[in-house]
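What follows draws every value from the coordinates through simple rules; no lab data is involved. Everything quoted here is computed from the prediction, not taken from an experiment. Virtual Cβ from ideal backbone geometry, glycine too; neighbours counted across all protein chains shown.
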Amino acid sequence: MESGAGDGAWFADSAYAEAGATVVSREELLAGGDLIVTVGRPDPQILERLRSGQAILGLLNPLADPGLAASLAAPRGQPPSAWTGCPGRCRGRRAWTALSSQANVAGYRAALGRGDRVRPGLSAC
């Protein structure tokens, strides 16, 4: 995991290390990692340094930016994997994007995981 990756969410590198992750610099990550996972569009410095056979996975939004997907696939021979529109089951056969599925999980987790904070006699459902 890249050092500082959790800073925007107020998670220190030490929290990831305590959970078992190996925290390294960006240079070490790009040199040794076979799979680069990203939340959004990768920084240009990352794109320039990807090597042949190195896979990238993330919310790449290939429908809105087809040039990015093409540029990632061409020189490396490894197409990117975008989780932007992952299929899922939803009532009414609606499209279920990666973001809506994560919001769904977060909602359930918030309701179920904090039941210990609810006063006795109240129900979260």
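Rank the residues V37, V23 as a footprinting-exposure proxy: fewest other Cβ atoms within 10 Å of their Cβ go first.
Fewest to most other Cβ atoms nearby, the residues stand as V37, V23.
May I ask you to compute the full-extension gain from A21 to S3, defined as 0.36 nm times their residue separation minus their alpha-carbon distance, rounded to one decimal in nm?
Gain in length upon complete extension: 5.4 nm.
Counting only other residues whose beta carbon sits under 12 Å from that of E27, what net charge do I get with K and R as +1, D and E as -1?
0
Name the residues whose placed amide hydrogens come within less than 5 Å of the amide hydrogen of V37, ignoring near sequence neighbours (fewer than 5 apart) on the same chain.
L57
Of the peptides 63-69, 2-8, how do they stack up when ordered by the mean number of other Cβ atoms within 10 Å, highest first?
For the peptides 63-69, 2-8, the packing ranking is 2-8, 63-69.
For D43, what charge total do you get from the other residues with a beta carbon under 12 Å from its beta carbon, if Lys and Arg give +1 and Asp and Glu give -1?
+1
Using 0.36 nm per residue of separation minus the Cα-Cα distance, give me the extension gain between N61 and A12 in nm, one decimal.
14.8 nm
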